[in-house]
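J.: Sending over a structure as structure tokens; questions will come in a sec.
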Amino acid sequence: MALKLDDFIHDLTANRGKNDELSPAARAAICTLVATGKSQRAVARQFHISDSTVRATIEHWKTYKSFDSKKRSGRKQVLTRAEKRYILLLIKKNRDLAKKALVGAMGKKVSYSTIKRCL
């Protein structure tokens, strides 16, 4: 059974939201199609993305020789996903739990405003 190009592109971009970034596989496919002679505009239409996204993807490949995203800057999160779930569990068990008790239950230095953002 032959795989059609449109089906392949649909599989690459099926779960992608409007403003989500492209997967490395989709970036590779974009660069491959442009390298085989397809116009950037035609590739953009096939992937349902803007022309500038195709140009930026090609420029990213030429600069970094990689389809992976660059590391993003920013502060590391204090709480892990498991710790955030634990906070929610504590609140579900006892809605009247004092904020000092929540901060103390974490076992590391966490401000109340950090815990509040988890709720």
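The values are calculated or read from the model by the stated rules, or taken from the named source; none is laboratory data. Small disclaimer: the values here were computed from a predicted structure and weren't measured. When we count neighbours, we look across all protein chains shown, and the Cβ atoms used for this are built from the backbone with ideal geometry, even at glycine. Calculation scope for accessible area: heavy atoms of the full protein, side chains included, ligands and nucleic acids excluded. Shrake-Rupley method; radii C 1.70, N 1.55, O 1.52, S 1.80 Å.
J.: Tell me, what is the per residue accessible area of the chain in Å², probe radius 1.4 Å?
T.: That works out to 77 Å² per residue.
J.: Considering only Thr32, Val78, Leu5, whose Cα is most displaced toward the positive end of the charge dipole of the chain, charges sitting on Cβ of Lys, Arg (+1) and Asp, Glu (-1)?
T.: Val78
J.: Give the ranking of Thr13, Thr63 by solvent-accessible surface, highest area first, calculated with a 1.4 Å probe. Can you show the working numbers first?
T.: On the way: Thr13 25, Thr63 85 Å².
Descending order: Thr63, Thr13.
J.: What is the percent carbon and sulfur in the accessible area of the chain, measuring with a 1.4 Å probe over the protein chains and ignoring ligands?
T.: Working: 4850 of 9210 Å².
Taking all protein chains in place, the chain shows 53 percent carbon and sulfur surface.
J.: Under DSSP H, which helices of the chain have Cα atoms covering 15 Å or more of the helix axis and a Kyte-Doolittle average no less than -0.5?
T.: 24-35, 81-93
J.: Suppose every K and R has +1 on its Cβ and every D and E has -1 on its Cβ; what is the size of the dipole of the chain about the Cα centre, in Debye to the nearest 20? Don't skip to the end; give the middle numbers.
T.: On the way: 27 positive and 10 negative charges, 205 e Å.
It works out to roughly 980 debye.
J.: Contact order normalised by length for the chain, with contacts defined as Cα pairs under 8 Å and 6 or more residues apart; what percent is it?
T.: On the way: 61 pairs, mean separation 20.7, N = 119.
After rounding, I find 17 percent.
J.: Let me ask you something else. Which one, Ile58, Tyr112, Leu89, projects farthest toward the positive side of the charge dipole computed for the stretch 58-119 from Cβ point charges (K/R +1, D/E -1)?
T.: Result: Tyr112.
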